[in-house]
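Accompanying notes for the structure given below.
No lab work stands behind these numbers, since they all come straight from the coordinates. These numbers come from a predicted model, not from an experiment. All Cβ positions, glycine included, derive from the backbone under ideal geometry; neighbour counts span all protein chains shown.
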Amino acid sequence: MTVSNLSIDLTHSPATLDFSEGLTGKNLLRLLRKRGCVELRQKGSHVVVQCNKCQTVVPVHVGEDLGPGLVRAIERDLEPCLGKGWLQPHRS
């Protein structure tokens with residue numbers, strides 16, 4: 001599955017995504033870097049990311065989208081630092 005519908009709308013919110021076609025680990029890492037997060041380390045295909053005092057692991061498996069439960073878990077891990085709903089798609 002490709003992520004051709006991925007769009008970052010900088011006019012309304014600096015980090016909103018339309019991931020109706022799926023969200024890859026690579027694209028999520030790109031978004032997290034734009035939000036000020038840093039990659040601490042990587043072991044295999046798993047990248048440990050830190051945002052202020054919050055930390056999570058993002059799997060980066062080539063050609064695979066992140067499942068909705070995993071995306072929600074990552075969002076929940078980083079909510080204390082990035083704010084509630086920081087990953088919600090922007091609705092026009």
With a Förster distance of 22 angstrom and the Cβ-Cβ distance between Arg76 and Lys43, calculated FRET efficiency to the nearest 0.05 equals 0.50
Candidate lysines for bridging to Lys84, where Cα separation is under 23 Å - those fewer than 8 sequence places away on the same chain excluded | Lys26, Lys34, Lys53
Interchain or sequence-distant (5+) residues whose placed amide H lies within less than 5 Å of the amide H of His46 are Val60
Candidate cut points under trypsin sites (Lys or Arg not before Pro) in region 51-90, DSSP loop plus at most 16 other Cβ atoms within 10 Å of their own Cβ, are Lys53, Lys84
Among the GluC sites (Glu not before Pro) within region 18-85, which fall in a DSSP loop and have no more than 16 other Cβ atoms within 10 Å of their own Cβ?
-> Glu21, Glu64
Note the full-extension length gain between Lys53 and Arg30 as 0.36 nm times their separation in residues minus their Cα-Cα distance, in nm to one decimal.
-> 6.4 nm
